[in-house]
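In what follows, a single structure is set out as structure tokens and then discussed.
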Amino acid sequence: MDRILVIKHGALGDFVLATGPFTAIRAHHLGDNVTLLTTPPFVDFARQSRLFDRVWVDPRPGVLQVGKWWSLLHRLREEPFARVYDLQTSTRSSFYFRLLARPKPQWSGIAKGASHRHDNPERARMHAVDRQAEQLRVAGIAHVPHPDLSWAKADISHLTLPRPFALLAPGGSAHRPEKRWPAVRYGELARHLKDKGLTPVVVGGREDAAAARAVAEAGGLDLAGSTTLAEVVEIARRAKVAIGNDTGPMHLAATAGCRSVVLFSKASDPALCAPRGPIVRILRKANLAELPVTQVAEAALKGMGT
């Protein structure tokens, strides 16, 4: 039995897009011991997937945090990993390759000297799903399935969801406000949806309070900051449609199979990172503040007979 290490930190959308590669690696290493090195927000979610035998937390130490670096180095070196799949492919994760003692394990990633290096010069212009599938082909894994969250389960009976309802995800990176459709627009959209017989339900973090409050004032249900990742997946399975920014919960919704309308600004490129799912529609405006509520509502309600 070989010991295999998979490295994947985040953000949430990137983690969801990596569920296809996770499944492929598990299938390729049946009978082996597969460990995931990730960050705290994804530990419970990863464990629920049952794709990993162990889930380790990466402390991601800062430059001057010598103690944490030593602890991480010791942990990596004490395990005789036969192969490492670096799905993060960042400067940090590539540096971990340099930290490992010789003889080095087989390494799938972009680190210089890796045994299975993904050195396609076009990789930065590939969608994450396609890029990781090609990376794994280099490592001998021919088939990588689509992102999949069929394993994500949660009891959401305590949420007393309205029926029918639309899922709204108004969040986004706190340091990139240009990726967010304005909070007031979500309030306007919520009123439009209510007029069409759909109660809006908001998910996200507590940092999305302004948009969540605007939706609640329009008669919606505010669940921002009060749901787990698996609960968001279950909510999405019951929603008629999901509408939101380029943010992690929209990846959960789309991958769960919910009809999804995702709003992109010039700050991110859907060709590289759009959610993958059976029905995903992208609306893009350089400045999201200029995206009309009527256009978003039309895209969300199209084909629903409302």
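Structure data summary
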read-out: Residue that is nearest to Gly10 (Cα to Cα) [pool: residues in the range 26-59 that are among the basic types (Lys, Arg) and loosely packed, with under 15 Cβ neighbours inside 10 Å]; value: Arg47
read-out: Candidate set from the range 229-270 (those that are of a type in the set (Val, Ile, Thr) and in a helix (DSSP H, G or I)); member that is nearest to the chain's Cα centre (by Cα); value: Thr255
read-out: Selected residue (criterion: farthest from Asn245 (Cα to Cα)) from residues of the range 207-222 that are in contact (Cβ under 8 Å) with a residue 40 or more places away in the chain and not in a loop (DSSP other than H, G, I, E, B); value: Leu221
read-out: Residue list for the range 162-181, filter: outside any helix (DSSP H, G or I) and either of a type in the set (S, T, N, Q) or buried (at least 18 other Cβ atoms within 10 Å of the Cβ) (or both); value: Phe165, Ala166, Leu167, Leu168, Ala169, Pro170, Gly171, Gly172, Ser173, Arg180, Trp181
read-out: Qualifying residue in the range 149-157 (condition: within 26 Å of Arg284 (Cβ to Cβ), crowded, with 19+ Cβ neighbours inside 10 Å and assigned by TED's automatic domain parsing to the domain that holds Ile243); value: no
read-out: Candidates Gly225, Gly204 - the one that is touching a Lys or Arg at 6+ places or on another chain (Cβ under 9 Å) and part of a loop (DSSP other than H, G, I, E, B); value: Gly225
read-out: Candidate set from the range 66-110 (those that are closer than 25 Å to Leu136 by Cβ and polar (S, T, N, Q)); member that is surrounded by the fewest Cβ atoms within 10 Å (Cβ to Cβ); value: Thr91
read-out: Neighbours by Cβ (under 7 Å, 6+ apart or cross-chain): first from the range 244-256, within 11 Å of Trp181 (Cα to Cα) and in contact (Cβ under 8 Å) with a residue 60 or more places away in the chain; second of a type in the set (Val, Ile, Thr) and surrounded by 24 or more Cβ atoms within 10 Å (Cβ to Cβ); value: Gly244/Val262; Asp246/Val262
read-out: Test: residue in the range 14-27 that is in contact (Cβ under 8 Å) with a residue 40 or more places away in the chain, farther than 27 Å from Gly172 by Cβ and of a type outside the set (Gly, Ala, Ser); value: yes
read-out: Residues of the range 150-161 that turn out to be of a type in the set (S, T, N, Q) and assigned to a loop (DSSP other than H, G, I, E, B), as a count; value: 2
read-out: Count of residues meeting criterion [under 22 Å from Asp155 (Cα atoms) and among the charged types (D, E, K, R)] in the range 30-70; value: 3
read-out: Scope the range 185-201; condition buried (at least 24 other Cβ atoms within 10 Å of the Cβ) and part of a helix (DSSP H, G or I); matching residues; value: Tyr186, Leu189, Ala190, Leu193
read-out: Long-range neighbours under 7 Å by Cβ, at least six apart or interchain, first residue farther than 30 Å from Asp148 by Cα and without any contact (Cβ under 8 Å) to a residue 60 or more places away in the chain within the range 46-75, second of a type in the set (A, V, I, L, M) and loosely packed, with under 13 Cβ neighbours inside 10 Å; value: Leu73/Leu99
read-out: Residue within the range 80-92 that is free of Cβ contacts under 8 Å to residues at least 24 places away in the same chain, over 22 Å from His146 (Cβ atoms) and hydroxyl-bearing (Ser, Thr, Tyr) present; value: yes
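The values are calculated or read from the model by the stated rules, or taken from the named source; none is laboratory data. No experiment lies behind these values; they were computed from the predicted model shown. All Cβ positions, glycine included, derive from the backbone under ideal geometry; neighbour counts span all protein chains shown.
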